[in-house]
Each structure stands twice: as structure tokens, then as C-alpha cells.
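This report refers to the structure that appears directly beneath it.
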Amino acid sequence: MLPGALAGWSFGALSDRFGARRVAIVGLLVAAIASFASGYSNSFATLVTLRVVEGVGYSLLVIAGTVLVAESLPGRSALALSIWSSFAPIGFALGQWGAAFAANDAPLSTLGPAHAVVLAAAALALRLCVAPSAERRSRGSSWGVVRQAPASRTALAFGATCAVILAAVAVTPVALAARSGLSVAQIASLTALAALPAIVGRIAPGWLLERGMTPLTVFVLAALVAAVSIAGAFAAPLWPALALFLVFQIAAGILPGLLSAMMPRVAPPGELGSFSGICTQTINVGNLLGPPLALAAYAAAGTGAALALLVGLLAASVVAIAGLGVYRRRLSEAAG
């Protein structure tokens, strides 16, 4: 996450300048090379360095991929982008299974090259199957994005939303383990299953928007359900708590899915790549800061402090976009 947190903004400008397809292919190849080399790294420092390089490729792919999806399906971009955003919970679930596989003595020399082959194949498929006709050739400046309130506040909402999702994933197992008698590892394996239903939360916003709900209505309702369910998860016995945490994951997943769906209507003209980059940057900053903040609050003052932090981040997300007119109009009106 570190490269995206530090340079997502700049990576986004590259998509506007050189074209999203080209940047996505470069991202896939950079990640493939780093992943292949990681299979043969002989020190932890080398492995960490290669992971950072892989993160550069990942950030380029995610940022440019958003532009490609929006430009390839302009008439259904809301639904397409909310589906595209589901790569996060899908990746989380695959990561859990991959970690379990690796823990069974699977050598890194097998995992790294295998991952590299998948990434290289994806780059080839993108090169052969996606036309470059929609690529932009702007000067690549991204300063205009932060000067526009809808874009900058949407990016901040992305950051706060993703911070609360990952913070809850980090602190909930610790809080539940403290009173259930199970280990943190055992609870974590159970809460990881909530990543799969969270995919529904990512896809739902595009479907709801296309059926006439306003973005702000979807956003507020999802945030309320997420706040109530995570509060209940912190107070209930183990199995009801896990059920409520699953509800939280679905409701919280609606928020980034909705923000993804609205990106083409919020981004300044000709700067969707830069806007995607800024959103990726705030997402990664939120992902990096959310878990340690939540765990520190829990360690310092217990469950109540951690819950206050999570609910506060949800409230910050709502406040960031509540006053923006584009979120108060139905999708058809925003498009007009």
C-alpha cells in the first residue's frame, strides 16, 4: 500500500497523459517482474523491497483500471465501477486462502513465479483485447482535481471509509477474543469469511443508483446500518457478534462501491485518471492508518474508544459528501 499512499496522485496523472490502457499494462508487467523476482529473494530486506516495487505496479493497475472501466462502458459505468471495486474484498479473501496455502510450506519460489505468470497473462490479454481509442493525451497535471470540492471531498470520503473497514477488520477479532475464550487467530479466521458477502456490498450501489435512489440516500442508509451493526458486534455474544460483523462488512462495502460508481460524475473533465489516483492515495492512507489507530484506541481505553473511532470515521465520510449537489440528484439527473 505504501507506493499508492505516497504517489497515487502522480500515478493518476500518468493515465491522463499516456493513456489508461498503456499505464495498466505497465503496472501489470512491473508487478509481474517484482513478483517473479520475489520467488528467488534470499533476504527479508530484498523481499520487502520487491513488495514495494510490486505495490507500484498494483497502484498503476488499480488507478488506470478505473479509467478503463469508466471509458469502456460509459452507459453503465455506475454498475461497472461498483463491480470493479469488488476486487478489494475478492483480493482479501484470496489473500487469506493464499496465506493458508503458503503456511503449509509452499515455497516462495513457487508462489512468486506463479503469480507473475497470471499478471503477465493479464497484461497480454489487455494488450490484445482492449482498444486504445479512448486513451487521453492531456498534459497530466493533477492539481485541478483538489481545487474542485466534489472531487476532493469524495477522495476524503474514500479514505475515511476504507480506514473504518480495515480498522474494524483489525480490532474486532481482538475485542471478540478478549471475551470469548478463543484466540485472536481463531476469531480472525472467522471474521475473514465476512469478506465474501462484502462483495455484494460493493456491487449493490450501482444497481440501486440505476433504479432511481439518490447517492446520498444510499450512502446515509449504509453508514447508519454499518454503525449500528459494528456497535452490536462489539457488545453481543460471539455468534451474534459475528453475524453483525458480517452485516457491517456488507453495509460498509456499499460506501466505497457507491463512491466508485460516482467517480465519472465527480471527476473534473479530462482528469479521471488524476482523480482515480487521488482516491487511491486516500484509500491507501486510510488502510495504513486505520488498523493501528483502532488498535491503539482499544489498547488505551477499551472497546468504547475503538467503537467511537470507527463511528467517527463513518460520520466523517458522510459529512464529506453530504453537501455536494451531485450526490443529492438521481443518477439520470446527474448524467444530464
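Read-outs throughout are calculated quantities, based only on the coordinates presented, and are distinct from any laboratory measurement. Model, not experiment: these values are computed from the prediction. So basically every Cβ, Gly included, is an ideal-geometry build from the backbone, and we count neighbours across all protein chains shown.
Below, the figures for the structure above:
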| read-out | value |
| --- | --- |
| Sequence-separation-based contact order of the chain, relative, with Cα cut under 8 Å and 6+ spacing, percent | 30 percent |
| Cα lying deepest toward the dipole's positive end in the chain, options LEU182, THR217, LEU126, charges on Cβ | THR217 |
| Given charges at beta-carbon only (K, R positive; D, E negative), |dipole| of the stretch 146-328 in Debye | 180 debye |
| Burial ranking of peptide ranges 199-209, 270-280, 236-246 (average Cβ count within 10 Å, highest at the top) | 270-280, 199-209, 236-246 |
| CD proxy at 222 nm, helix term only [per DSSP H run n ≥ 4: -39500 (n - 2.57); per residue of the chain; nearest 500] | -27500 deg cm²/dmol |
| Rg followed by Dmax, in Å, when the stretch 2-129 is reduced to its Cα trace | 15.4, 49 |
| The chain: DSSP helices with Cα axial extent of at least 20 Å and average Kyte-Doolittle hydropathy no lower than 0.5 | 2-18, 20-38, 44-72, 87-103, 108-129, 149-180, 195-209, 215-235, 238-261, 272-301, 303-322 |
| Simple Cβ-charge dipole of the stretch 2-129, Lys/Arg +1 and Asp/Glu -1, about Cα centre, in debye nearest 20 | 280 debye |
| For the stretch 25-54 versus the stretch 274-330, the gap between their alpha-carbon centres in whole angstrom | 30 Å |
| Share of pairwise Cα separations in the chain, more than 25 Å, in percent | 52 percent |
| Kirkwood hydrodynamic radius of the stretch 150-276, Cα pairs, Å | 15.4 Å |
| Rg/Rg_globular for the stretch 224-310, with Rg_globular taken as 2.2 N^0.38 Å and Rg from C-alpha atoms | 1.34 |
| Nearest-20 debye value, the chain charge dipole, Cβ charges on Lys, Arg, Asp, Glu | 680 debye |
